[in-house]
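J.: Below is a structure I'd like to ask you about.
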Amino acid sequence: MTEKIRVIHAASDATYGMPRIRADLIESGDRISRKRVARLMRKAGLRGVCRRRGYTVTTRRDARDRPAPDLVQRTFVAEQPNRLWVADMTYVPTWAGFLYLAVVIDVWSRRVVGWAMGEVMTTDLVLAALNMALEQRRPQQVIHHSDQGNQYRARWRSG
């Protein structure tokens with residue numbers, strides 16, 4: 001049975017794992033359990049390839065810092081432009097790795113008013129997005145609401 005498993009694994013360019021190998025064995029008339037296929041593959045040193053995308057955490061809170069006050073009480077409504085902006089950061093998987101995207105959105109129009117991309121999640125990245133929004137919109141009074149991630153809570157100092 002191990003030899004059959006090796007042949008199926010090799011025919012799949014060493015990508016098939018236990019579920020697909022077992023399905024091929026059952027299709028060819030062999031009756032075999034999931035656990036047995038897994039055990040035989042483990043003994044033979046065979047593993048499938050997982051093509052799932054990685055998971056990246058973009059919100060890291062510092063437990064020592066008190067959370068910033070929620071000035072909008074989770075009510076994301078604005079009566080006119082440039083009164084309430086929300087900001088967030090996400091990642092974009094690429095063949096070369098992750099790129100991080102920081103955005104600032106005007107709640108009233110739901111338009112992106114500032115954005116920045118980079119290879120690392122830093123305070124500079126979120127500041128670049130905020131500075132773009134400030135340059136384009138030049139608001140008089142605006143509430144900038146974001147998650148409680150470290151990039152948004154850092155104490156930035158000019159060089």
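J.: For region 25-43, name all the residues that are surrounded by 15 or more Cβ atoms within 10 Å (Cβ to Cβ) and part of a loop (DSSP other than H, G, I, E, B).
T.: ILE32
J.: Counting just the residues of region 85-127 that are in a loop (DSSP other than H, G, I, E, B) and hydrophobic (A, V, I, L, M, F, W, C), which one comes out modelled with the lowest pLDDT?
T.: Ranking the qualifying residues of region 85-127, first place goes to ALA96.
J.: Can you tell me which residue in region 63-81 is modelled with the highest pLDDT, limited to those that are under 22 Å from ASP124 (Cα atoms) and surrounded by 11 or more Cβ atoms within 10 Å (Cβ to Cβ)?
T.: For region 63-81, the residue satisfying everything is ALA68.
The values are calculated or read from the model by the stated rules, or taken from the named source; none is laboratory data. Every value quoted in this text rests on a predicted model; they were computed, and no experiment measured them. Methodologically, a virtual Cβ is constructed for each residue, glycine included, from the backbone with ideal geometry; neighbour enumeration extends over all protein chains shown.
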